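Just below is one structure, and these are the notes that go with it.
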Amino acid sequence: MERAGLCIRKGGLVIFPTFCLYGMGVDAMNPEAIERVFAAKGRPESNPLLILVKDREAALSHVQAVSEEARLLMDVFWPGRLTLVFRAKDHLPESLTAGTGKIGIRVPEHPVAAALVRAAGGPITGTSANLSGRPGSSSVKDLAPELLSLADCVLDAGLLHGGKGSTVVDTTFSPPRILREGAVSAAAIQEALLWKTAK
């Protein structure tokens with residue numbers, strides 16, 4: 001894990017496990033490393049990348065404001081399979097936000113992913129390890145050979161849970177908007193927000 005963290009700090013690309021699928025991690029503060037992710041995936045640069053951080057405090061350091069609804073969703077679902085979208089601070093590379101001014105952030109629950117973020121010493125990208133438009137992979141053996149050849153380090157945790165990726169919720173709106181329903185159901189999101197209203 002220390003070697004993988006050093007690899008990221010030096011601009012390298014690491015394939016690593018999240019709860020459902022394998023992801024591609026680089027230093028989220030390094031524009032050149034971020035470009036490696038777009039190039040490897042064949043991903044349009046108009047499509048933003050989310051970041052993984054070690055905890056809530058780290059997340060707050062990268063965003064302009066946090067609504068009460070966002071704080072509640074953090075309380076209920078972090079660490080976990082919920083990506084929250086905030087207005088980004090100006091220090092984040094524009095390639096992450098694709099010019100939207102917003103950044104998606106998640107605190108990972110998978111122990112390897114969480115350890116990698118800590119070893120990297122800062123935020124890392126959390127996009128799935130797949131070619132753009134192709135499904136993600138729950139095992140290293142199913143990863144595209146093109147991606148494996150471009151990775152500087154692969155953390156193989158065997159067969160993962162599989163299924164849907166993270167749910168993405170834009171907290172810059174009130175009430176928050178679900179942009180993509182994934183592992184956390186829309187019903188669970190609404191229940192958490194209704195609980196807040198009831199309080």
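Evaluate E = 1/(1 + (r/R0)^6) for LEU131 and GLU45, where r is the Cβ-Cβ distance and R0 equals 22 Å; express this FRET efficiency to the nearest 0.05. Mind dumping the intermediate values first?
Details: r = 15 Å, r/R0 = 0.70.
Once the sixth-power term is evaluated, E becomes 0.90.
If you find the alpha carbon centre of the range 10-29 and of the range 61-90, how far apart are they in angstrom?
If we compute the Cα centre of each part, the gap is 20 Å.
Need one number: nm distance between label points at THR97 and GLU2, each 7 Å from Cα along Cα→Cβ, rounded to one decimal.
Placing both labels 7 Å beyond Cα along the Cβ direction yields 3.7 nm.
At a 10 angstrom cut-off on C-beta neighbours, averaged per residue, how do the peptides 135-146, 50-61 rank from highest to lowest?
In descending order of packing, they fall as 50-61, 135-146.
If I take every Cα pair under 8 Å that is 6 or more residues apart in the range 1-195, average their sequence separation and divide by the length, what percent do I get for the relative contact order?
Working: 423 pairs, mean separation 62.8, N = 195.
Normalised by residue count, the contact order of the range 1-195 is 32 percent.
If you only keep lysine pairs separated by 8 or more in sequence, or across chains, how many in the chain come under 30 Å at the Cα atoms?
Lysine pair count for the chain: 24.
I'd like the carbon and sulfur percentage of the solvent accessible area for the chain, probe radius 1.4 Å, heavy atoms only, ligands and nucleic acids excluded.
Values: 4820 of 9410 Å².
For the chain, the apolar C and S fraction of the accessible surface comes to 51 percent.
Which value results when the Cα radius of gyration for the chain is divided by 2.2 N^0.38 Å? Let's see the in-between values first.
On the way: Rg = 15.9 Å, N = 199, 2.2 N^0.38 = 16.4 Å.
Compared with the compact-globule rule of thumb, the chain sits at 0.97.
Treat each spin label as a single point 7 Å out from the Cα along the C-beta direction, and report the ALA65 to SER139 distance in nm.
Each label point lies 7 Å from its Cα, and together they span 4.8 nm.
Given a Förster distance of 30 angstrom, what is the FRET efficiency for LYS10 paired with SER185, based on the Cβ-Cβ distance and rounded to 0.05?
For LYS10 and SER185, the calculated efficiency is 0.15.
Could you give the accessible area per residue of the range 62-199, probe 1.4 Å, as a whole number in Å²? Could the numbers behind the result be given before it?
Values: 6770 Å² over 138 residues.
Ligands and nucleic acids excluded, the figure is 49 Å² per residue.
Which percentage, to the nearest 5, of the DSSP beta bridges contained in the range 1-195 is antiparallel?
Values: 17 of 25 bridges.
Looking only at bridges with both residues in the range 1-195, the antiparallel portion is about 70 percent.
Report the charge-dipole magnitude of the chain in Debye, nearest 20, computed about the Cα centre from +1 at each Lys and Arg Cβ and -1 at each Asp and Glu Cβ.
Details: 22 positive and 20 negative charges, 37 e Å.
Computed about the Cα centre, the dipole is about 180 debye.
Using only the heavy atoms of the protein chains and a 1.4 Å probe, how would ARG43, ARG36, ARG106 rank by accessible area, largest first? Each step should come with its number before you reach the end.
Details: ARG43 45, ARG36 80, ARG106 20 Å².
Accessible-area ranking of ARG43, ARG36, ARG106, largest first: ARG36, ARG43, ARG106.
Putting +1 on Lys and Arg Cβ atoms and -1 on Asp and Glu Cβ atoms, find which of SER166, LEU116, PHE38 reaches farthest to the positive end of the dipole of the chain.
SER166
How many nm is it between the label spots at GLU146 and GLU35, if each spot is 7 Å from the Cα in line with the beta carbon?
1.9 nm
Using a 10 angstrom cutoff on alpha carbons, build the Gaussian network for the chain and name the most mobile of ILE124, ILE178, ILE34.
Highest fluctuation among the options: ILE178.
The values are calculated or read from the model by the stated rules, or taken from the named source; none is laboratory data. Note that this is a predicted model, so its numbers are computed, not measured. Quick reminder, even Gly has a Cβ in these numbers, built from the backbone with ideal geometry, and neighbours come from all protein chains shown. Note: accessible area is taken over every heavy atom of the protein model, side chains too, but ligands, DNA and RNA are not part of it. Shrake-Rupley method; radii C 1.70, N 1.55, O 1.52, S 1.80 Å.
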